[in-house]
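Asks: My questions all concern the structure below.
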Amino acid sequence: MSRYFSRSEYERRWQKAEALMAERGFETAVVFSRGGGTTDNCGDVLYLANHYSVSGGTDSTIWSARSFSAVILRRGQEPELHIDEPEGRADLLTVDRVACHNHPFIGVAEALVARGVTGRVALCGTQFIPVKYYQQLVSRTPGIEWVEADDLIRSLRRIKSAEELDCYRIAGEAATEATTVLMQGLLSGLSEREAAGEAARVTVARGGRVQAIGTNHGDTMQYDYRNPLTGSSADTPAVGDMVRGTVHAAFFQGYYLDPGRTAVRGTPTADQRRLIEATNDIVQRLIGMMRPGARLLDVAAEGDRMTQAFGGEISPLMKNFPFYGHGIGLSFEQPRISTAMSLPGDVVEENMVFGVEAFLALEGVGSAFFEDIVIVTAGTPELLTRTPHYFW
C-alpha cells in the first residue's frame, strides 16, 4: 500500500486550511470525521491526513467513540492526527504527528489542554458528533470556546485539484461500468439483488466501497428503493416493467459518484418512453448550463420550468429529493441545485464536480430518474458517467 496523492498535494491543502482559519479568526481548529464502515462523514480527515477509521461498535469499559478520528490544525504547525486505533499506518498517513487513543474525544481534549490552547477554537463535525462525545470534549476544555465551523474544510473540498480530477476520471470509469452492468442485469431477467451483486462486484474490483446499490421496478417505482433496508429486493422485473438502478459508492480513493438510469424491460410503451426521455432531457439541458459563473438558482429554475412543462404528478421520490443535483467529492457536498435549497451566492466554479439529476412521474405509468456526474470546465462540462441513457 502507498498514498495515492503526492505529499505536495496535502501540503497545499494544509496551507489553504490555515489561510481560511486566519480569515475567520481562528488560531486552532479541530476537525472530526467518522468511518466505521460509512463514507458520509469520513471526508475531512481523509482529505487532510489520508486516514479512515476502520473500527465501529458501541462503547465498552475500555473504549468509546469508536470510528471517530480528528485532526488538530494550529496555524504555523504541522497537523496532528488523533485516531481510535492502537497504531497509525505510516505507509498511508500524510502526517508525522499521530496520537492513538481508546477515547479519542478525551484524547483530543487532553492534547489541547497540554498545549495551552484557549479561547475560540473551530469545531468541524457538529452535524454528526453525538452529544455524549461532545460533552467529553467540552467538560475537559473549560478554557476553550468551541465555535461550530462544519464548512471549514468542506468549503476547501468544493474545488478539486488537478490530482483530484485525475482521480475522479478513474472513479468515473468504474461508475460507468458498474451502472451499465446493473442496468443490463435488471433488463436481462436477473432479480434486483442479483443485478446489484454484479454491480457490487465491479465496484469493489475497481477499488471502490459500496454505500448502496438502489434498485426498483414496477408498482413501487414512486419510492427510492423497492427494499429500503438492502437497496435491492429478491423480486425480478417482469417484461414491460419500468426499472431503475443507482450505484452509490466511493469508487476510487474515497471519491463518490451516484449515477442512475431508468429503462423498461422489453419494448417501452409510448408513455414510458416519453417519461424516460423527458427526464433525461432535463438532466442534459441542465448539464449544458453548468458553466463557470452560472447561478445555481437559474439552473434550478430551468429544471422547474421543464418539469412543469412536462406535467405529470409529484411522486414521493420527487418530494424526498427537491433538487436537480449537488456538489460531490468525498461524499455529497454543498451546494445544491434547487430553487428551495440554493443560496443567491451559489455559483458554478471551474473544477467543481456535480451530480446533475432529475425526477419525473406520470400517473399510471411510473416514475423516472436520471443522474450524471460532470466536472465543470471552462467550456463544455466533462462527463464522467457514460452509461447509455437508453437501452432500447
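Asks: Cβ-Cβ distance below 6 Å, separation of 6 or more or different chains: which pairs start in the range 100-121 with a residue that is within 12 Å of residue 72 (Cβ to Cβ) and end on one that is hydroxyl-bearing (Ser, Thr, Tyr)?
Replies: These pairs meet every condition: 109/141; 112/141; 117/28; 121/28.
Asks: While we're here: Is it true that some residue in the range 256-269 is modelled with pLDDT of 95 or more, basic (Lys, Arg) and in contact with a Ser or Thr (Cβ under 8 Å, 6 or more places away or on another chain)?
Replies: Going through the range 256-269, the residues modelled with pLDDT of 95 or more turn out to be 256-269.
Those left that are additionally basic (Lys, Arg): 261, 265.
If we keep only those that are in contact with a Ser or Thr (Cβ under 8 Å, 6 or more places away or on another chain) as well, we get 261.
The answer is yes, given that some residue of the range 256-269 is modelled with pLDDT of 95 or more, basic (Lys, Arg) and in contact with a Ser or Thr (Cβ under 8 Å, 6 or more places away or on another chain).
Asks: Evaluate the range 138-146: report whether one residue or more is more than 22 Å from residue 21 (Cβ to Cβ) and open to solvent by less than 70 Å² (accessible area, probe 1.4 Å).
Replies: So far as the range 138-146 goes, no, none of its residues is more than 22 Å from residue 21 (Cβ to Cβ) and open to solvent by less than 70 Å² (accessible area, probe 1.4 Å).
Asks: Based on what the data block shows, is residue 364 out of contact with any Ser or Thr (no Cβ under 7 Å at 6 or more places or on another chain), open to solvent by less than 10 Å² (accessible area, probe 1.4 Å) and either assigned to a strand (DSSP E or B) or modelled with pLDDT under 95 (or both)?
Replies: For residue 364, the condition - out of contact with any Ser or Thr (no Cβ under 7 Å at 6 or more places or on another chain), open to solvent by less than 10 Å² (accessible area, probe 1.4 Å) and either assigned to a strand (DSSP E or B) or modelled with pLDDT under 95 (or both) - is not met.
Asks: For a quick check of your reading of the model, give me the residue pairs whose first member lies in the range 172-195 and is closer than 19 Å to residue 227 by Cβ, whose second is part of a helix (DSSP H, G or I) and open to solvent by 10 Å² or more (accessible area, probe 1.4 Å), with beta-carbon atoms closer than 6 Å and at least 6 apart or on different chains.
Replies: Sorted first by the residue in the range 172-195, then by its partner, the pairs are 185/198.
Asks: Please go through the range 52-75 and pick out each residue that is within 17 Å of residue 98 (Cα to Cα) and out of contact with any strand residue (DSSP E or B) (no Cβ under 6 Å at 6 or more places or on another chain).
Replies: 52, 54, 66
Asks: Taking the range 367-392 on its own, how many of its residues are in a strand (DSSP E or B) and farther than 14 Å from residue 327 by Cα? Talk me through it step by step, then tell me what you get.
Replies: We begin by selecting, within the range 367-392, every residue in a strand (DSSP E or B); these are 367-375, 382-383.
Next, only the ones that are farther than 14 Å from residue 327 by Cα stay: 367-370, 382-383.
The number of residues fulfilling the criteria is 6.
Asks: Would you confirm whether or not the range 368-380 contains a residue that is surrounded by fewer than 15 Cβ atoms within 10 Å (Cβ to Cβ) and within 23 Å of residue 264 (Cβ to Cβ)?
Replies: Taking every residue of the range 368-380 in turn, none turns out to be surrounded by fewer than 15 Cβ atoms within 10 Å (Cβ to Cβ) and within 23 Å of residue 264 (Cβ to Cβ).
Asks: Only residues that are open to solvent by 70 Å² or more (accessible area, probe 1.4 Å) and assigned to a helix (DSSP H, G or I): list them for the range 284-339, please.
Replies: 285, 298, 305, 308, 309, 319, 320
Results for (1) more than 22 Å from residue 166 (Cα to Cα); (2) open to solvent by less than 50 Å² (accessible area, probe 1.4 Å); (3) touching a helix residue (DSSP H, G or I) at 6+ places or on another chain (Cβ under 7 Å), shown as yes or no for each residue.
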position: 5; (1), (2), (3): no, yes, yes
position: 16; (1), (2), (3): no, no, yes
position: 23; (1), (2), (3): yes, no, no
position: 28; (1), (2), (3): yes, yes, no
position: 36; (1), (2), (3): yes, yes, no
position: 47; (1), (2), (3): no, yes, yes
position: 50; (1), (2), (3): no, yes, no
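Asks: Any residue at all in the range 79-98 that's over 29 Å from the mean Cα position of the chain (by Cα), among the acidic types (Asp, Glu) and over 19 Å from residue 147 (Cβ atoms)?
Replies: no
The rows are residues; the columns are (1) polar (S, T, N, Q); (2) touching a strand residue (DSSP E or B) at 6+ places or on another chain (Cβ under 9 Å); (3) without any contact (Cβ under 8 Å) to a residue 60 or more places away in the chain.
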site: 6; (1), (2), (3): yes, no, no
site: 12; (1), (2), (3): no, no, no
site: 17; (1), (2), (3): no, yes, no
site: 21; (1), (2), (3): no, yes, no
site: 27; (1), (2), (3): no, yes, no
site: 30; (1), (2), (3): no, yes, no
site: 35; (1), (2), (3): no, yes, yes
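Asks: Please pick out the residue among 96, 59, 91, 84 that is of a type in the set (D, E, K, R) and open to solvent by less than 10 Å² (accessible area, probe 1.4 Å).
Replies: Going through 96, 59, 91, 84 in turn, the sole match is 84.
Asks: So is residue 76 in contact (Cβ under 8 Å) with a residue 40 or more places away in the chain and either surrounded by 21 or more Cβ atoms within 10 Å (Cβ to Cβ) or on the phi > 0 side of the Ramachandran plot (or both) or not?
Replies: Numbers: in contact (Cβ under 8 Å) with a residue 40 or more places away in the chain: yes; either surrounded by 21 or more Cβ atoms within 10 Å (Cβ to Cβ) or on the phi > 0 side of the Ramachandran plot (or both): yes.
For residue 76, the condition - in contact (Cβ under 8 Å) with a residue 40 or more places away in the chain and either surrounded by 21 or more Cβ atoms within 10 Å (Cβ to Cβ) or on the phi > 0 side of the Ramachandran plot (or both) - is met.
Asks: Being over 22 Å from the mean Cα position of the chain (by Cα) and closer than 24 Å to residue 354 by Cα narrows it down to one of 318, 290, 306, so name that one.
Replies: Checking each option against the conditions leaves just 306.
Asks: Do we find that residue 265 is open to solvent by 40 Å² or more (accessible area, probe 1.4 Å) and touching a residue at least 60 places away in the same chain (Cβ under 8 Å) in this structure?
Replies: yes
Asks: Right, next: Kindly check whether there is at least one residue in the range 113-124 that is under 19 Å from the mean Cα position of the chain (by Cα) and either surrounded by 19 or more Cβ atoms within 10 Å (Cβ to Cβ) or of a type in the set (Lys, Arg) (or both).
Replies: Yes; the residues of the range 113-124 include at least one that is under 19 Å from the mean Cα position of the chain (by Cα) and either surrounded by 19 or more Cβ atoms within 10 Å (Cβ to Cβ) or of a type in the set (Lys, Arg) (or both).
Asks: Residue 295 versus (1) more than 21 Å from the chain's Cα centre (by Cα); (2) over 26 Å from residue 352 (Cα atoms); (3) not β-branched (Val, Ile, Thr): which is the lone unmet condition?
Replies: The one condition residue 295 does not meet is (2).
The values are calculated or read from the model by the stated rules, or taken from the named source; none is laboratory data. Model, not experiment: these values are computed from the prediction. When we count neighbours, we look across all protein chains shown, and the Cβ atoms used for this are built from the backbone with ideal geometry, even at glycine. In case anyone asks, the SASA skips ligands and DNA or RNA and just uses the protein heavy atoms, side chains included. Shrake-Rupley method; radii C 1.70, N 1.55, O 1.52, S 1.80 Å.
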